[in-house]
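Engineer: Once you've had a glance at the structure underneath, I'll fire off some questions.
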Amino acid sequence: MIRKTRTASQLQDEVSRRLQRLPEIIEEGMRIQVPRPQLQEPDASGCNWTMKHFGNMAGHDRAVADVLAAVRKEFNLSTETKRLDSPFGDAPTE
């Protein structure tokens, strides 16, 4: 399966959204703090990012690991650089 590419903020939001929709998280009224994804060398599966040090997840380690694994299978972290002098954040053309 070819992974879609997302920015760090988009990946963080996606993991957070999926976690907050889990029935056990909703029932407890928890809000798990999701860290920013960290770029890494692609692993054996081809994923180029990971997340560590989730906050407020006591007792939900398995649920967090499952959601993280699912998102890592679907998405890779974008490594494109954006031009800061462009109003549209276009990648450099040089």
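Engineer: Tell me which residues, restricted to region 38-65, are acidic (Asp, Glu) and under 26 Å from GLU28 (Cβ atoms).
Structural biologist: Answer for region 38-65, where residues must be acidic (Asp, Glu) and under 26 Å from GLU28 (Cβ atoms): just ASP61.
Engineer: Take the residues in region 8-29 that are in contact with a Pro (Cβ under 9 Å, 6 or more places away or on another chain) and in contact (Cβ under 8 Å) with a residue 40 or more places away in the chain, then tell me which one is nearest to ALA70 (Cα to Cα).
Structural biologist: The selected residue is VAL15.
Bear in mind that the values in this text are calculations on the coordinates, not laboratory data. What you see is a predicted model, and the numbers here were worked out from it, not measured in a lab. Here Cβ is always computed from backbone atoms with ideal geometry, including for glycine, and neighbour counts include all displayed protein chains.
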